[in-house]
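Below you'll find the structure, written out as structure tokens, and then a few comments.
Values quoted throughout were computed directly from the atomic coordinates according to the rules given, and no laboratory measurement underlies them. Because the structure is predicted, anything quoted here is derived from the model rather than measured. Here the Cβ positions follow ideal geometry from the backbone for every residue, glycine too, while neighbour counts run over all protein chains shown.
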Amino acid sequence: MGNACDAADLSQDTFLRLLASSQRIADLQEPRAYLLTVGKRLVSNFYQRRSLEQAYLSALASLPEECAPSPEQRWLLLETLQALDELLDGLPRAVRRAFLWSQLEGLTYQQIAERLSVSERTIKRYMAQAYEHCLLVDL
Amino acid sequence: MNSPAADVRQAVRAAAQWLALLESGGATDQDRANLQRWRDSCRSHEHAWQKAQALRQRFADLPPALAMSSLDRPDPARRVVLKRALGAVALVPAAWLISRQLPLDVWRADLHTATGERKQVPLADGSVLQLNTASAVDVDLPSHRVKLVEGEMSLKVPGASPLMIQTRFGQVTVSQGEACVRQGSRGCRVSVFSGAVQLQPLQGAALTLRAGQQVDLQAAGAAAIQAFDVLQPGWREGVLMASNQPLGEFLRELDSYRPGVLRWAPELEALRVTGSFRLDDTDRILALLAASLPLEVQMRTRYWVTLTPRKKVA
């Protein structure tokens, strides 16, 4: 993990996750394997969150001063971005981008198709796939 | 994880497809009527439709540029690579960006410009100060001093009452003349456009620079005086000029006018650029480079741009 604090935080998260999960601990067939699986998932989330945070901080730093959000807004925004990042996780790269371009930059399907050099039909399929993916994760 | 019931999944899939059809701009009136009928036909349909609208709203509420740079960062899914990179490499650019963009002195300065910004400020004594990108100065007119905290400035002093520019590498005194001072981490370049300017390096004797002359002040003292063309337009006119300049050098200069990250493949370094480019639209400069040189511009977001050699068409 590189540092003991992160490792301790993560193992605590693992147990919290376990306590919060619907499965009863006594019912676990393979408690060790279960812990390992939950732990692994958290580790990969951890790296994903950290990479998001890095990208976010870089982007913040490059904003002109007058456009930069206040410290409270920054944290709220980071939390929102982390939630959306998890929502998008697992989508193929091109689908994810097409979706972000449409949602954030307001590009039309035709413009996205040109950028990605694919047909508009493909973009329509990408977008349906992305909506479905996000909605299912959120259920 | 419990998997959602089949009918809920079905409703979600249908809602996603309806939305994509609407957004594609290809929906007919008939399609819209069908959508309405579909929503009305079942509560789970309407529910899925509302969830989809709420999802769109979550994205719509975000500041686009920040969200784009964060969510469309390079390879969010490459955990293995990330694990390796996060130890050192990924942390460096962020720290570098922050130190590059937010040095503390800048905020304490009286006047400053953001990356990509240029500013002209008339001073109370009739002098005119211009600031280039990412620059900061402290102006103290009563004591006739301007401290160049960082970046690049030009100062035009029409009157006989001198103003002294203080830099980390020496002092530059301007009266009835115009000079431009560019301060970097290792030195400071002083160029005189009109009149004569007095220089006092950190070490060595004072010297006088005349119109059309420039000199680099360093910690060890002044380097040799060189001539330059005062009529060639520069950043003060909002122009970036290049004459058979190595592309690497040109891009480093251009980079200082752009927020975010500009990277290029090392093979591009030695290509040559000639032209004069308007600084108010640096995206356009990149597009012009792509049009005239064998390179491609990959723009993930405005804040993350990579130049690569153009692939040969087979």
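Could you give me the ³J(HN,Hα) list for the stretch B:28-42, computed from phi with Karplus coefficients 6.51, -1.76, 1.60 and θ = phi - 60°, whole Hz, x at Gly and Pro?
After applying 6.51 cos²θ - 1.76 cosθ + 1.60, I find 8, 4, 4, 4, 4, 5, 4, 4, 4, 4, 4, 4, 6, 6, 7 Hz.
Work out from phi, with θ = phi - 60° and the Karplus expression 6.51 cos²θ - 1.76 cosθ + 1.60, the ³J(HN,Hα) of each residue of the stretch B:284-294, listed in order in whole Hz, and give x for Gly and Pro.
5, 4, 4, 5, 5, 4, 5, 6, 10, 10, x
From the backbone phi of the stretch B:246-251, what are the Karplus-calculated ³J(HN,Hα) couplings (6.51 cos²θ - 1.76 cosθ + 1.60, θ = phi - 60°) in whole Hz, Gly and Pro given as x?
x, 4, x, 5, 4, 5
Pick out which of B:ALA134, B:ALA33, B:ALA54 has the largest mean-square fluctuation in a Gaussian network model of chain B, springs linking Cα atoms closer than 10 Å.
The residue with the greatest mean-square fluctuation here is B:ALA33.
Considering Cα pairs under 8 angstrom that are at least six residues apart, work out the relative contact order of the stretch B:104-227 and quote it in whole percent.
Values: 332 pairs, mean separation 19.2, N = 124.
Computed value for the stretch B:104-227: 15 percent relative contact order.
Tell me whether the stretch B:6-61 comes out rounded, prolate or oblate; compute the Cα gyration tensor, take square roots of the eigenvalues as a ≥ b ≥ c, and use a/c under 1.5 as the rounded threshold. Please report the intermediate quantities before stating the final value.
Working: a/c = 1.78, a/b = 1.01, b/c = 1.77.
Oblate shape, in that a/c is at least 1.5 and b/c is the bigger or equal ratio.
What FRET efficiency, computed as 1/(1 + (r/R0)^6) with R0 = 56 Å and r the Cβ-Cβ distance, is obtained for B:ALA227 and A:TRP75, rounded to the nearest 0.05? Walk me through the numbers on the way to the answer.
Values: r = 54 Å, r/R0 = 0.97.
For B:ALA227 and A:TRP75, the calculated efficiency is 0.55.
Step by step: find N for the stretch B:238-309, compute 2.2 N^0.38 Å, then divide the Cα radius of gyration by it. What's the final number?
On the way: Rg = 10.9 Å, N = 72, 2.2 N^0.38 = 11.2 Å.
Dividing the Cα radius of gyration by 2.2 N^0.38 Å gives 0.98.
With a Förster radius of 45 Å, plug the Cβ-Cβ distance of B:ARG43 and B:GLU253 into 1/(1 + (r/R0)^6) and report the FRET value to the nearest 0.05. Don't skip to the answer; put the middle values down first.
Details: r = 62 Å, r/R0 = 1.37.
E between B:ARG43 and B:GLU253, to the nearest 0.05, is 0.15.
So how do B:TRP304, A:TRP75 line up by other beta-carbon neighbours within 10 Å, fewest first?
On the way: B:TRP304 21, A:TRP75 11.
The order, fewest Cβ neighbours first, is A:TRP75, B:TRP304.
Under a 5 Å amide H to amide H cut-off, with H placed in plane at 1.01 Å, what residues pair with B:ILE165 once short-range neighbours are removed?
B:VAL146, B:VAL172, B:THR173, B:VAL174
Starting from the amide H of B:SER194, placed 1.01 Å from N in the peptide plane, find each other amide H under 5 Å away whose residue is 5 or more places distant or on another chain.
Excluding prolines and chain starts, which carry no amide H, the hits are B:GLU178.
If you take each beta carbon of peptide B:232-242 and count the beta carbons of other chains within 10 angstrom, what is the mean? Walk me through the numbers before you get to the answer.
Values: counts 0, 0, 0, 0, 0, 0, 0, 0, 0, 0, 0.
Mean number of neighbouring Cβ atoms from other chains: 0.
Please report B:HIS144, A:HIS133 as a ranked list, fewest other C-beta atoms within 10 angstrom at the top and most at the bottom. Could you put the intermediate results ahead of the total?
On the way: B:HIS144 15, A:HIS133 21.
Sorted ascending by nearby Cβ count, the order is B:HIS144, A:HIS133.
Provide the packing ranking of B:274-283, B:15-24, B:224-233, i.e. peptides ordered by the mean count of other C-beta atoms within 10 Å per residue, highest first.
Details: B:274-283: 14.5, B:15-24: 20.6, B:224-233: 10.9.
Ranking, from highest mean packing down: B:15-24, B:274-283, B:224-233.
Per residue of B:11-24, what is the mean number of Cβ atoms on other protein chains within 10 angstrom of that residue's Cβ? Please report the intermediate quantities before stating the final value.
Numbers: counts 1, 8, 6, 2, 4, 10, 7, 2, 6, 12, 3, 0, 9, 10.
Neighbouring Cβ atoms belonging to other protein chains average 6 per residue here.
Would you mind getting me the FRET efficiency between B:SER276 and A:ASP89? Use the beta-carbon distance for r and R0 = 51 Å, nearest 0.05.
Details: r = 46 Å, r/R0 = 0.91.
Between B:SER276 and A:ASP89 the formula returns 0.65.
Taking amide hydrogens as modeled 1.01 Å from N in the peptide plane, which residues meet the under 5 Å criterion relative to B:GLU150, leaving out close sequence neighbours?
B:ALA136
Taking square-rooted eigenvalues a ≥ b ≥ c of the alpha carbon gyration tensor, is chain B rounded, prolate or oblate, where a/c under 1.5 means rounded and, failing that, a/b exceeding b/c means prolate? Write out the running numbers ahead of the final one.
Numbers: a/c = 2.73, a/b = 2.40, b/c = 1.14.
Note, shape of chain B comes out prolate.
Between B:ARG58 and B:GLN198, how many nm apart are label points set 7 Å from Cα along the C-beta direction?
6.7
Compute the distance in nm between two label points, each set 7 Å from the Cα along the Cα-to-Cβ direction, one at B:GLN298 and one at B:ARG310.
Result: 1.7 nm between the two label points.
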